[in-house]
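Each value in this text was obtained by applying a stated rule to the coordinates, not by laboratory testing. Bear in mind that the values here come from a model prediction, so they are computed numbers and not experimental data. We place every Cβ from the backbone using ideal geometry, glycine too, and count neighbours over all the protein chains shown.
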Amino acid sequence: MSMTYISKKHDYAATLDEKEQPKDQKSASVESLLVRTTKLTTVTIKLYRIMVFVRMAIFVLFFKWRISTALAMISDGATTVRAMWTMPIAGELWFALMWVLDQLPKMQPVRRTVFATALEEPLLPTMDVFVTTADPEKEPPLVTVNTILSILAADYPPDKLTCYVSDDGGALLTREAVAHAARFARLWVPFCRKHGVEPRNPEAYFCPGVKARVVSRAAYMGRSWPELARDRRRVRREYEELRLRIDALHAGDVRRQPWSRGTPEYHAGVVEVLVGPPGSTPELGVSDLLDLTSVDVRVPAVVYMCREKRHGRVHHRKAGAMNALLRTSAVLSNAPFILNLDCDHYVSNSQALRAGVCLMLDRGGSNVAFVQFPQRFDGVDPADRYANHNRVFFDCTELGLDGLQGPIYVGTGCMFRRAALYNADPPLWRPHGGDRDAGKDVATEADKFGISTPFLVSVRAALNLNRSEQWNTTSPPRSFDGAAVGEATALVSCGYEDRTAWGRDIGWIYGTVTEDVATGFCMHRRGWRSAYCATAPDAFRGTAPINLTDRLHQVLRWAAGSLEIFFSRNNALLAGARLHPLQRLAYLNTTVYPFTSIFLLLYCLLPAIPLVTRSASTSAFSVNTPPSATYIGFVAALMLTLAMVAALEVRWSGITLGEWWRNEQFWMVSATSAYAAAVVQVALKVAAGKEIAFKLTSKQRAPSAGGGVVKRQVRGAVRREMDGADGSDGGGADGERGVHGSSGTRGTVEERPRGGARDGVQRVGGGASPPVRPWSHGPLEQDVEPPALARRSVHSSITMFCPPFAYALIWLLFG
Ligand SMILES: O=c1ccn([C@@H]2O[C@H](COP(=O)(O)OP(=O)(O)O[C@H]3O[C@H](CO)[C@@H](O)[C@H](O)[C@H]3O)[C@@H](O)[C@H]2O)c(=O)[nH]1
Ligand SMILES: [Mn+2]
């Protein structure tokens, strides 16, 4: 099976310039077998480029006319009049600049086709997967558990994969839930392997969600179709028990003393190997539940980590957790490649890990520091009213940047080269005769990496392995023994990074709440490339904020984090020449966009001043004078070209016009609220040193898995099944139907393997519904009406974001 980009109807021919990707000796043998990169050369993209330049030319003419007219008008005017002319022109110049910064990096998009199965199993390198969670209330342990299960069941050799979980909350609840997941994995992983099910997240697989894919009878590759139905029912019952156990954990003793090691902000460091590494040869299994006689039952290793936290010590939020994971994994498995998933982003395509590796090992791949996958989301309402899908960014901007030395790193769903996190130089920029620090002694690196000798040894091994690129023959030593775990625990103590380069040059970058953008930028600045990997089906899927308050808080955090980067040493304007000029523009755009709010608010509010103040000087403003024909002509031309550029962008990228429009709408909402709040926050930080908080996004899934009105009856069905329906093969859970999408037009009905009863949706378990707790998975059956949810959240958002408006109004009226 080859993994191709989400199907597009364009045909494209030109292969990427040879100069762009220097021929690499070691990976030459796999040249063009793993990845095919093609520039988009359709008529649409050519027209698109022309239209962008036409619009830029119109801008130049417009500003020439506008500024000369303004100068004539204000030559003898009062100060107010001058201000009234200068501000709008400054605003227009800023908006034009932002548009140009946004468009130019999108002009050379490329598409990649990854042939994941072309990479033979023995050639696969080892891989560490990092999952971060921070608060069991906002990030329900069940969500984390499902993510872990999807990772463990991914199609990757189990002896080459290790799953690390970082628990920043230090919660016993999370640790226990992960341990339960590790136990359930012994059944779940062989089941997935045996029947090739997708997606390998049990919640998504068993629930009638939008993306639950069920193999059709014809495509089924297993031994016998009825066996799948029977196994599926049995595994499902076990999964239901796991869910109940995790609920019980929350409700029971653990809940009464959830922070057994202290509080979320004060606890000791813990590293615990929950599942040890499996052997390197397949083990055929025995199980009471399933026939596993011909299935490899090995499960990848699982490590739980909770870094130490102390009062008065900054912990650097996710970046700090990732760096702790980087060190922990270094002394245990030390894999050359690292995949990061937030606790809610599960592996939705079991081939995804291989796809990422292909981009790293392919010709020219040795210069790739990270592979960013698009972020896709479940549970967003069908109208996507808060533009959660972010299609314009993922399907246009990142695709465009992929043609310019690589996309921006934007968090979850990103695969890294360990050596790049250790601040190594890419081969492309290595000084002749080897690496810049190849000859250096490890001991002298202690001021950068900290004093742990085993860790320094692991760094050296990782850098050497990266230089030799012999991934398969010299796999790094994996030791999970007591000594290694003890060392790992010392490495997650909160003082370890003192007086080192962690967070500055090494690992994830500190000093901003959007550590992702800063970290990727530092790599690009060193000359590393990155790659964008959009697969079909989606590689990973996660949850998005389901109400406006959460969404605006998320946008506020991103905007504030961007400005923090702008005011730091990682400002794109200060970067050296290894950054592609257009990439520099893209980074500049990514770090200054929140300033737009100032211009936008003034631009919209200033014209109203004469109406409310009625002062002599401003009333001289002719509110009654009709706009000149030239002005109307320019505005019409700018609007028309904007629409044409949008239409062409929509065409070449394959997104819908609706998605583009949502993006514009939500941009307006953010720019007049969250961006302004971000500017205020960062101003306070710069002026008074007030730190910006990392407010976690709640991962409580909307009770509607597929968005809109979706009925969930899983518990009911399972309970009914448990109540004695077991014998009736074919009824029960396997007979239910999933109502998809629920948007009416897109909704499809999917049959589960055994077909059978078609009334599954109506069935509800008997007895009283369990109490709805925030972390539980909802009542037995619930209709959710998104507008009601949205209305409620609009109220809370208004109270949250009205201060900037209130101040603006007060200033206008009485200032
Ligand atoms: O002190 C902290 C704070 C957060 N996290 C984890 O960071 C991740 C991201 O948090 P979330 O609230 O989901 O933020 P989002 O805005 O949804 O995430 C996006 O934006 C973040 C930067 O603002 C990136 O870190 C994420 O990878 C990216 O997906 C989650 O797994 C958290 O558990 C920690 O581990 N420790
Ligand atoms: Mn998130």
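Table for the structure above
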{"quantity": "Debye intensity ratio I(q)/I(0), log10, segment 33-134, q values 0.15, 0.19, 0.22 Å⁻¹ (C-alpha model)", "calculated": "-0.83, -1.00, -1.12"}
{"quantity": "Burial ranking of peptide ranges 602-609, 89-96 (average Cβ count within 10 Å, highest at the top)", "calculated": "89-96, 602-609"}
{"quantity": "Ranked list, fewest to most other Cβ atoms within 10 Å of each Cβ, for Val380, Val145", "calculated": "Val380, Val145"}
{"quantity": "For segment 55-96 versus segment 288-306, the gap between their alpha-carbon centres in whole angstrom", "calculated": "68 Å"}
{"quantity": "Shape call, segment 307-391: gyration tensor on alpha carbons, a/c limit 1.5", "calculated": "oblate"}
{"quantity": "Gyration tensor verdict on segment 539-616 (Cα atoms; rounded if a/c is under 1.5, prolate if a/b is larger than b/c, oblate otherwise)", "calculated": "oblate"}
{"quantity": "Positive dipole terminus of segment 63-154, leading residue within Trp99, Met87, Ala70 (C-beta point charges)", "calculated": "Ala70"}
{"quantity": "Highest average packing first - 194-207, 49-62, Cβ atoms within 10 Å", "calculated": "194-207, 49-62"}
{"quantity": "Spacing of the two label points (7 Å from each Cα toward its C-beta) at Arg578 and Ala683, in nm", "calculated": "3.7 nm"}
{"quantity": "Peptide ranges 222-234, 295-307, 163-175 listed from the most packed, as the mean C-beta count within 10 angstrom indicates", "calculated": "163-175, 295-307, 222-234"}
{"quantity": "Value of D in µm² per second that Stokes-Einstein yields for segment 65-117, Kirkwood Rh from Cα pairs, at 10 °C (1.306 mPa s)", "calculated": "111 µm²/s"}
{"quantity": "Fewest-first sequence of Glu469, Glu139, Glu308, Glu241 by Cβ atoms within 10 Å of each Cβ", "calculated": "Glu241, Glu469, Glu308, Glu139"}
{"quantity": "Computed label-point distance, nm, for sites Leu71 and Leu605 using a 7 Å Cα→Cβ extension", "calculated": "3.1 nm"}
